[in-house]
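**Q** Sharing a structure with you now.
The values are calculated or read from the model by the stated rules, or taken from the named source; none is laboratory data. Just so you know, these numbers come straight off a predicted model, no measurement behind them. Reconstructed Cβ throughout: ideal geometry from the backbone, glycine too, with neighbour counts over all protein chains shown. Side chains included, ligands, DNA and RNA excluded: accessible areas come from the protein's heavy atoms. Shrake-Rupley method; radii C 1.70, N 1.55, O 1.52, S 1.80 Å.
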Amino acid sequence: MDDNNNTAIGTSRSEDTVINGFWTAKDVEHATGGAWLQSPPLGWSATGLSIYAPAMQPGNMAVVRTEVDKCGMPETAIYSMPQMPACIITTAPEQLDNPQIPVMRVADGTDAVLGLGRYARNQMSGKVIGVTGSAGKTTCVAMIAAALSASGAVCKSAHNANLPRGVAWNLASMPWDTPHVVLEMAIGRMAISSRMARPHIAVFTNVQPAHLGEKDTLRDIAVTKSAIFLGMAPGSIAVLNRDMQEWETVREAAEKRQLTILTYGTSSDCDFRLLKYEAEHHQVTVNAQGETLTYTLGAGGKHIAINSLAVLATLFALNLPYAPALEKLAHFQALTGRGEESAVVINGQQITMIDDAYNANPGSMIAALERLSEMPSSGRRIAVLGEMAELGRDTQRYHTELAALINHSHIDSVYLVGEAYETCWQLLDDVRKGQHVSTHLALKPLLLNAVHDGDIVLFKGSHSTRIHDLVRWISALNK
């Protein structure tokens, strides 16, 4: 994703709050290689960085884009902010409209952002945990951060700023003395992100057919994502899902970097093995390196239970106790767009809406459908599914294979959107067929008349299919 479309780290503060930053003027100079044209006053400091205006926090430095350098925000956005940034960083200060704040000229905006990220990482005294995988990265980051909060301050990546520029943006906005930092790291230019973040621990959730070209393979994805290990020192720890596709490829990449490997999953040889998951009460039983643990999670789904094993492995790697962290996970809830549950009303009928519409690939789609099938319900279980994008040459097969899963599930009705589901629709049991339509917009009148009190409705699809627009529409109806 474009890092400019994400929200930055930080919490909002009132205008009269005293801001204590950790960036000095000399730090910014050294990090960017730039030159101050309007020097900061004595005692100046900054709290972090922003490259996206809506995410601006008090005391942040702002990177301003130019006609040649597209990194950052437009200058016009700055003057509509409730507070001016701590400084402006730009490649063309002569284009600024008489700014009354410190200005730094840099040769390249992206290089400056990456430089700030690298500099910040070099100052950090805490442990850095990097998380990658084809599905579940954001939720896994949130779960690890929630668990680590039981042991002190923790910072995590904001939303999906997970490409190199976004990783740098996040690093540059985190206090340097934070004990634990959890970073989401995407496949794009992973080697750059890893060498910048230099994780002490890398968590690898899975390998799925996502972002595939016509000639790409799962092994290609595994190799590219395994570049997360390139920035890690020998003896650092790789937390790997033992059940993932291309396991051997990922394991060999970790071993090549001389990393210590901890495994989790359902396989008998896992260091952290799922023994039982009870869906109704979200209860998990685990063999944690010979110790049996039973605990309850706030969020539902077997995939969440599997994520909790990655959390346990991370805690072990950090020599932290399980019990306080598991107490945090007992209150953890699924994130918006990634399985969040809410009670809503459609046409007078009260239902449970599961918003899993941020994105989709075969692995996350199967996890979502299995969760829906297992959920206790006084009404029907309904799936509204958009297409899964960027699956390469096997697109049709991945969509068609969902029919068998649905036919052997407790899902009562299915609404499908898109041509890729044509064969899947034909193979579905007639009793489960809702409608197969070409566009998500066609579902609005259908859903108004289809749902009944007590139904659970899952919304899932790749972002490009705009299933998330249906979630927004329903949410708007309930305001």
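**Q** Enter the accessible area of Glu419 (Å², nearest 10), with the probe set to 1.4 Å and all protein chains included.
**A** 150 Å²
**Q** Would you mind checking which residues have amide H under 5 Å from Asp356's amide H? H placed 1.01 Å from N; only 5 or more apart, or other chain.
**A** Close amide H contacts, sequence-distant or interchain: Gly339, Phe459.
**Q** Now for a different question. Determine, from the Cβ-Cβ distance of Asp430 and Asp453 and an R0 of 35 Å, the FRET efficiency 1/(1 + (r/R0)^6), rounded to the nearest 0.05.
**A** On the way: r = 24 Å, r/R0 = 0.70.
After rounding, the FRET efficiency stands at 0.90.
**Q** Once the whole set of protein chains is in place, how much accessible area is left on Val68, using a 1.4 Å probe, in Å² to the nearest 10?
**A** Rounded to the nearest 10, that gives 140 Å².
**Q** Now a separate question. Roughly what would the spin-label model give for Trp473 and Met81, points 7 Å off Cα along C-beta, in nm?
**A** The modelled label-to-label distance comes out at 3.7 nm.
**Q** Looking only at region 213-291, where both bridge partners belong to it, what percent of the DSSP beta bridges are antiparallel (to the nearest 5)? Don't jump to the answer; show the numbers that get you there.
**A** Values: 7 of 14 bridges.
Around 50 percent antiparallel, to the nearest 5.
**Q** Note down the net charge around Val417, summing +1 for each Lys or Arg and -1 for each Asp or Glu among other residues with Cβ under 10 Å from its Cβ.
**A** Net charge around Val417: -1.
**Q** By DSSP, what percent of the beta bridges with both residues in the chain are antiparallel, rounded to the nearest 5?
**A** Numbers: 24 of 77 bridges.
Roughly 30 percent of the beta bridges in the chain run antiparallel, per DSSP.
**Q** Suppose a student asked you for the relative contact order of the chain, using Cα pairs under 8 Å spaced at least 6 residues apart; what percent would you report?
**A** 11 percent
**Q** Using θ = phi - 60° and the Karplus curve 6.51 cos²θ - 1.76 cosθ + 1.60, what whole-Hz ³J(HN,Hα) does each residue of region 419-431 get, with Gly and Pro shown as x?
**A** Here the 3J(HN,Hα) series is 5, 4, 8, 4, 6, 4, 4, 5, 7, 5, 4, 4, 5 Hz.
**Q** If you don't mind, there's one more thing I want to ask. On the full set of protein chains, 1.4 Å probe, figure out the accessible area of Tyr277 and give it in Å² to the nearest 10.
**A** Per-residue accessible area (Tyr277): approximately 40 Å².
**Q** Leaving out ligands, DNA and RNA, and with a 1.4 Å probe, what % of the accessible surface on the chain is carbon or sulfur? Write out the running numbers ahead of the final one.
**A** Numbers: 9670 of 19930 Å².
Of the solvent-accessible surface of the chain, carbon and sulfur hold 49 percent.
**Q** Calculate the length of the line joining the C-alpha centroid of region 24-47 to that of region 117-138, in whole Å.
**A** 25 Å
**Q** Let me ask something additional. Specify which residue in the list Ser194, Val207, Thr224 is farthest towards the positive end of the charge dipole of region 179-229, using unit charges on the beta carbon of Lys, Arg (+1) and Asp, Glu (-1), about the Cα centre.
**A** Checking the options against the dipole of region 179-229, the answer is Ser194.
**Q** Find the centroid of the Cα atoms in region 51-103 and in region 248-285, then give the distance between the two in whole Å.
**A** 45 Å
**Q** Let me know the charge dipole size of the chain about its Cα centre in debye, to the nearest 20, where only the beta-carbon of Lys, Arg (+1) and Asp, Glu (-1) is charged. It would help to have the intermediate numbers written out before the result.
**A** Details: 38 positive and 47 negative charges, 130 e Å.
With Lys and Arg at +1 and Asp and Glu at -1, about 620 debye.
**Q** What net charge is computed for the residues neighbouring His452, neighbours being all others with C-beta under 15 Å from the C-beta of His452, Lys and Arg scored +1, Asp and Glu -1?
**A** Numbers: positive: Arg380, Arg381; negative: Asp412, Asp453, Asp455.
Around His452, the surrounding residues sum to -1.
**Q** Then there's this: How much accessible area per residue does the chain have, in Å², with a 1.4 Å probe?
**A** That works out to 42 Å² per residue.
**Q** Extension gain Ser39-Leu446, at 0.36 nm per residue separation less the Cα-Cα distance, in nm? Each step should come with its number before you reach the end.
**A** Details: separation 407, 0.36 × 407 = 146.52 nm, distance 6.12 nm.
Value of the extension gain: 140.4 nm.
**Q** Moving to a separate point now. Run the reach check for Lys225 against aspartates and glutamates, Cα to Cα strictly under 19 Å, same-chain hits fewer than 8 apart removed. What comes back?
**A** Straight-distance partners of Lys225: Asp2, Asp3, Glu184, Glu214, Asp216, Asp243, Glu246, Glu248, Glu252, Glu255, Glu390.
**Q** For Ala172, what is the net charge nearby, where nearby means another residue's Cβ is under 11 Å from its Cβ and Lys, Arg count +1, Asp, Glu -1?
**A** Working: positive: Arg118, Arg121, Arg165; negative: Asp27.
Value of the local net charge: +2.
**Q** Using the 2.2 N^0.38 Å rule of thumb for compact globular proteins, work out how the chain stacks up: its C-alpha Rg over that value, please. The partial results should precede the final answer.
**A** Details: Rg = 23.5 Å, N = 479, 2.2 N^0.38 = 23.0 Å.
Cα Rg divided by the expected 2.2 N^0.38 Å: 1.02.
**Q** Could you work out the relative contact order of region 150-248? I mean the mean sequence separation of Cα pairs under 8 Å and 6+ apart, divided by the number of residues, in percent. Display every interim value, and only then the final one.
**A** Working: 129 pairs, mean separation 28.0, N = 99.
Here the relative contact order equals 28 percent.
**Q** Relative to the Cα centre, what is the charge dipole magnitude of region 28-166, using +1 at the beta carbon of each Lys and Arg, -1 at the beta carbon of each Asp and Glu, and rounding to the nearest 20 debye? Walk me through the numbers before you get to the answer.
**A** Working: 9 positive and 8 negative charges, 139 e Å.
Once rounded to the nearest 20, the dipole reads 660 debye.
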